[in-house]
Structures are given as C-alpha cells and as structure tokens.
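Each reported figure results from applying straightforward, stated rules to the coordinates on display, with no laboratory input. In this text the structure is predicted, and so the values were computed from the model without any measurement. A quick note on method: Cβ atoms are made from the backbone with ideal geometry, for glycine too, and the neighbour counts reach across all protein chains shown.
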C-alpha cells in the first residue's frame, strides 16, 4: 500500500506496527562508572544531566520487555512460535548527526525481558539525545500477506523514547535578539496570562524575546532542532507566527529612533532597517526611505498604510508561505 | 588571533548589507568584542589558516570545486569532537570574524538572505560555509581516508541529496550512497535518493549494515537507470 507521507506512516504504516508495543523503562544511570543514580523522571521519560558537572560517559540502565501479544500482533501466524526478529536500542542526537544502535538480542528472542545498559560518550552528544527500542525483522518472509511486514529490516514495534538532556536547554538562536525561556508567572517584567512570548525592551540596546515555558508542549516544539519532518515543519510555522509580531515591533521601535540624519541609536536598529526598508518603500532611495518611515510612523493618517506596508514587507522577506506549504506537504503528501 | 574562539548568540545583529556584500570586508573589533567567548579546549588555528590560504590561492573563486579540495583539509586541520562541532558559536567565529575571506572566495554575493546563511547560518547542513564542509567530511571520512569526501563533492546534487535527508545521520548509509552514486548523473542521483528515502521510511537504519543498505541503494539505482 502506498502511504503518502512520513507523518501518516508513523500513525499508519502499510502493515501492522505496534508503536508502543515494547515495554521500555530506564531505572538508573552512572557517570564515568561512578555510583548508581536513580534520579530519573519516569513520567516525562527524561534523564537530566545538565547540572551534573563534568563527565565523559553516561551508562544508562533499564529493562526491555516484549510479550506474546505484540508478537501475535505484528507477525503472521506461521512466524509466531519462532519470531524472526531482533531487538535493539537506537540512540540519536540530531545536533551531532548521531544514529547508533545497541543490539539487545537476535532470534530467538526471549519474552522474559532483558536488563540492558547503553553507554554514550559526551563528546558525541550535544544538547539532547534520545533512546528508543525497536523490534525489526531479521529476514524476508515468504508469507503471502498484505497485513504484515515481510521484508528484512522493517520495524515492527517500538516504544516512546527517553530523552537524555546533556546540556542546559539552549534557547533558540535569535537573529537580533536574546531568546530566553522563563515562566511568565509572577514576574513583574513579563505579562500575566497565557501569552506565548513577550518582546522585552527594558535593555534597549539588547532586546530580549521571552518564550513562556509554562506552555510546555509549545516550548518543546519551539525547542526542537529537527532538521526535517513534522517536528521541524510545525516549529517553523510557530516561529513564523511569532516572527511576524516580533519583527513588526522591532521595525516600529527602530523607526521611532530614526533621527533627522536617518541614523538610529543601536546597531540592531540599523540591521533591522537595512533588512526591510527597501521592501517597505520599494523604488525609494534608502536614506529617503528612512526619513519617510520616521515621519509616517508618527502620522495618524499614514498609520494604516505603514502597518500594511510593514506586514507586506515581512511576508515577502520571511516567506511564511514556504513553511506553511511544507507543513501541508508533510501532512498530506510526501 | 590564532586560537579558536566562539561567538555568543545575537551575533547576527552585526549582519549588515555592507558586510555581507563585501563592501566592508571585516567587522570592527569593538563591534564584536562583546560577543567573543572562550571555548572549553584550546585549539590552534595555524594549520587551518595555512590550509585556507592554500585553497584560496589554488582555486578559482565561486566554484563548487573548492568544496572538494577544502572539505578534507578543513576537517583534518580542525580536530573537533562532534560535540564541539555542533556548537554554532565556533562556526560563526570562523566565518564571520576569522576567515570571512574564505566565505567570499567560495560564494558570490547574490542576495542578502543567501549570504547571511553562508556567514551566519548553522544547524542545517547547507548553511554555514565551513560547517557544511567539516560535517560532510566527518560523515564520509573512514579512518583518515577522505576519498569518499572527495567523491561526494563531485556533484552538488549528490551532496545535497544525501544531506537533505535523515539518513545522513547514519554513516553506513552515507558511505553506501556515495559509493553507489558518485558516478551517476544528476537525474539518476535525485530519483534514486527519493526512492531510497521512501523505502527506508519503514526500515530502521540503525539495525542495518552498510552491505544491507548497499543492496537497497544499488537495486533502486539500477531500476532508475533502466527507466531513464
């Protein structure tokens, strides 16, 4: 069966796939072979190493179990007694282009469960890494079936992954801004309520974009460093939405600081105007455009027109339609 | 400065049309001083600088051939761990402050957005000028042998077709694709990689050896060649 996109395939592969079929738990870890540490967040499936000082290797330990129900679910009848499958744990780190695996067992696999340990080297990791188990076929099948996978190497079952947070969470890199996460609750410099972000000009020379970490699911998407796939596409669209507002505010701030000579106060203001002025006032000399902007932004009559120009300039430059199209393509079409 | 430094976030504030277009060749120290940070481990840049000088002297500017020659040497003279190489701050330092001349030698200015990517980009493969060379070499090098690195840069379509995809994170897959496709033409490369990528969406790469992946890539390539 032809599936049309990776995101659909994750939910609906063209054969039986049990994405949470493996019981995968982590109970402890050791740093550089030291004492066993059981401080792991079971609920969030998270191991936090960011404030554990210097270390070179982390060894993570836990248990993997598969039961007969999963075997029966993903393999044709004739293969269920002696499943032609192997179990392994994949480790990934997007930041360091890392994909590795540790084999847990080959056929015949046991239904008793396995204790495992996986060792990762800090030199090969940055920011966050993940561990995820898989059961895959070890050989082709002769079974005539549309319901079950028959090709060697195809994945049959998995589990939710565990995240290993290696470094303090890096805020997304802002072009002209510091971009930082914080809770918006009870902070006098941040707005109350459900706001997702706030642009802070208290230090006018270095404006800061605050992202509200109270919105956990949103910040997890914003923090994704996926380069492709649904995570990357949704993140990019979210950032486009934030960018429209943030750039508008930056342009307006810069515009109000243009003096009679067309100069501004801060480097970032120069860069922002540099970037957008020709789109706001096409076919106009740059110095003249700056003067015009500084006048128009102060004029009640010109305000509707200037806001429309800024919006149009942003849509041209940010090319939001590209990320929107990619989301559609990822979700509906490969 | 002949030691590696890094630049903190926000350095893009110094991105101006003047600098990107080459009208201003370098940024003034007072402007970027506040963004300079030390790296954890000292790395000397003398070997790297000699390499860059030789590449600039020995190649015609704005040509893709530069990548083929420079990538192995950049990787060899910048002995970074993957962890260090994932730090965008060091790449920004190298392209924006230390060797902007190399960026201008490789890329012709055709738009602000395009050049900003080459100086200030990072994270995605085809952005920062030096980041992309180092990582392509890291993922194709085999025990000090850079022959696959040189082969992957024989065609820009090959390097893009591989590094635009998740499979680029799995070294045996990269090696297999380069070995199987470096002599193919652009049409075959693009169609083969598209189909291979589709086939691999149900296969867990980490569970497959290079030989397993070779079977898939060669099989698909042969089909594509017979159809075209």
As an exercise, use a Förster radius of 41 Å and the Cβ-Cβ distance of residue B:3 and residue B:109 to find the FRET efficiency, rounded to the nearest 0.05. 0.90
For segment A:60-97 versus segment B:80-131, the gap between their alpha-carbon centres in whole angstrom: 41
Over segment A:208-334, how many percent of alpha carbon pairs lie in each 5 Å bin up to the one with the longest distance? 2, 10, 17, 18, 15, 12, 10, 9, 5, 1, 0
Per residue convex hull volume, Cα atoms of segment A:125-263, in Å³: 178
Kindly list the residues of segment B:70-105 that lie in the label zone of residue B:143, defined by a backbone N under 19 Å from the point 7 Å along the Cα-to-C-beta vector. B:76
Spin-label point model (7 Å from Cα, Cβ direction): what's the residue A:312 to residue B:76 distance in nm? 5.5
Over all pairs of different Cα atoms in segment A:45-185, the reciprocal of the mean inverse distance gives a Kirkwood radius in Å of 17.5
At 7 Å along the Cα-to-beta-carbon direction for both residue A:147 and residue B:210, put a label point, then send me their distance in nm to one decimal. 4.1
For chain A, one quarter of the surface area of the C-alpha convex hull, expressed in nm², comes to 22.2
Please grab the % of Cα pairs in segment B:1-75 that end up more than 22 Å from each other. 44
If you rank B:94, B:14 by fewest surrounding Cβ atoms within 10 Å, what's the result? B:14, B:94
Shape metrics for segment A:18-76, restricted to C-alpha atoms - Rg then Dmax, Å: 15.4, 50
Neighbouring Cβ atoms within 10 Å as the yardstick, rank B:107, A:55 fewest first. A:55, B:107
Determine, for B:222, A:39, the number of other Cβ atoms within 10 Å of each Cβ, and report the residues in order from fewest to most. A:39, B:222
Cα convex hull volume per residue for segment B:28-179 (Å³): 120
How many nm is it between the label spots at residue A:168 and residue A:59, if each spot is 7 Å from the Cα in line with the beta carbon? 3.0
Restricting the calculation to Cα positions, tell me the Rg (one decimal) and the Dmax (whole number) of the protein assembly as shown in Å. 25.8, 84
